[in-house]
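Colleague: Encoded as structure tokens, here's the structure I'll be asking about.
Nothing in this text is a laboratory measurement; each read-out follows from the coordinates by a stated rule. Since the structure is predicted, the reported quantities are computational estimates derived from the model, not experimental observations. When we count neighbours, we look across all protein chains shown, and the Cβ atoms used for this are built from the backbone with ideal geometry, even at glycine.
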Amino acid sequence: MRTTALLLPVLLLGVFSMFRLSEAAEPPGAQAAAEKSARAWLSLIDGEKYGASWDQAASLFKKAIERDKWSSAVSSVRAPLGKVVSRKLAKAVYSESLPGAPDGKYVVIQFETVFENKRSSVETITPMMDADGSWRVSGYFIK
């Protein structure tokens, strides 16, 4: 089976694959809040609620891709993988500067995920602090 990848244009592939980020002092609770937001957002994706995932995404995400295009793109990548069997946190890194994205507060999170039709994959999801102070997803990548 070929590797399936989905990359929202907000963030560059290098961010996801290398984790060579400009790390900054992490505000208290940032990682936990970002991970909670990421898991809630992933539950929408897992439930095939792709439009709702766009609705819940960061403003930066929404500016980068239209709702219908997002729904179509994520559906074409996720549907062949089948349901999630397991998802385990592998790594989370706080940063205030990411290549190809405006400065802000981000947590780049990697999950080791097993799908019904793909036994070994890495999901990288990047919540960011949105303008209203909430953590929302700004990027998603599956490898």
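Colleague: Just need the Rg to Rh number for the stretch 29-93, please, alpha carbons only, Kirkwood Rh.
Modeller: Value, to two decimals: 0.98.
Colleague: Here's a follow-up. In what sequence, highest mean first, do 75-82, 106-113, 45-52, 31-38 appear when ranked by Cβ atoms within 10 angstrom?
Modeller: So the order, starting with the most tightly packed, is 106-113, 31-38, 45-52, 75-82.
Colleague: Here's another thing I want to ask about it. If amide H atoms are built 1.01 Å from N in the plane of the peptide, which residues on other chains or at least 5 residues away come under 5 Å of the amide H of Asp130?
Modeller: For Asp130, the qualifying residues are Trp135, Arg136.
Colleague: Going Cα to Cα from Lys69, which aspartates and glutamates come in below 15 Å? Please leave out same-chain ones fewer than 8 positions away.
Modeller: Of all the aspartates and glutamates, those that pass the test against Lys69 - Cα under 15 Å, at least 8 places apart if same chain - are Glu48, Asp55.
Colleague: Further question on the same structure: What pairs in Lys63/Lys88; Lys62/Lys118; Lys36/Lys62; Lys83/Lys105; Lys49/Lys88 have C-alpha atoms more than 25 Å from each other?
Modeller: Beyond 25 Å between Cα atoms: Lys63/Lys88; Lys62/Lys118; Lys83/Lys105.
Colleague: With θ set to phi - 60°, apply the Karplus curve 6.51 cos²θ - 1.76 cosθ + 1.60 along the stretch 101-110 and write out the HN-Hα couplings as whole Hz, x wherever there is a Gly or Pro.
Modeller: 10, x, 4, x, 10, 10, 10, 8, 10, 10
Colleague: Still on this structure: Let me check I have the definition right: for the stretch 13-142, take the eigenvalues of the Cα gyration tensor, multiply each by 5, take square roots. What are those semi-axes in whole Å, largest first?
Modeller: Ellipsoid semi-axes (Å, largest first): 23, 17, 13.
Colleague: Tell me the label-point distance for the pair Ser120, Lys88, using the 7 Å Cα-to-Cβ offset, in nm and rounded to one decimal.
Modeller: 1.3 nm
Colleague: Hey, another quick one. Would you kindly derive the ³J(HN,Hα) couplings of the stretch 46-51 from the backbone phi angles with the Karplus curve 6.51 cos²θ - 1.76 cosθ + 1.60 (θ = phi - 60°), listing them in order in whole Hz, with x for Gly and Pro?
Modeller: In residue order, the calculated couplings are 4, x, 6, 9, 5, x Hz.
Colleague: By the scheme Lys and Arg +1, Asp and Glu -1, what is the net charge of all other residues having a beta-carbon under 14 Å from that of Ile125?
Modeller: Local net charge: +4.
Colleague: Can I ask one more? Taking K and R as +1 and D and E as -1, what net charge do the other residues with C-beta under 12 Å from the C-beta of Asp55 add up to?
Modeller: After counting each charged neighbour, the total is +4.
Colleague: Just to verify a number: FRET efficiency for Lys69 and Ala131, C-beta to C-beta distance, R0 = 30 Å, to 0.05?
Modeller: 0.85
Colleague: Right, another one. Whose amide H sits under 5 Å from the amide H of Val122, counting only residues 5 or more places off or on another chain, with H placed in the peptide plane?
Modeller: Amide H to amide H, under 5 Å and 5 or more residues apart or across chains, Val122 pairs with Thr113, Lys143.
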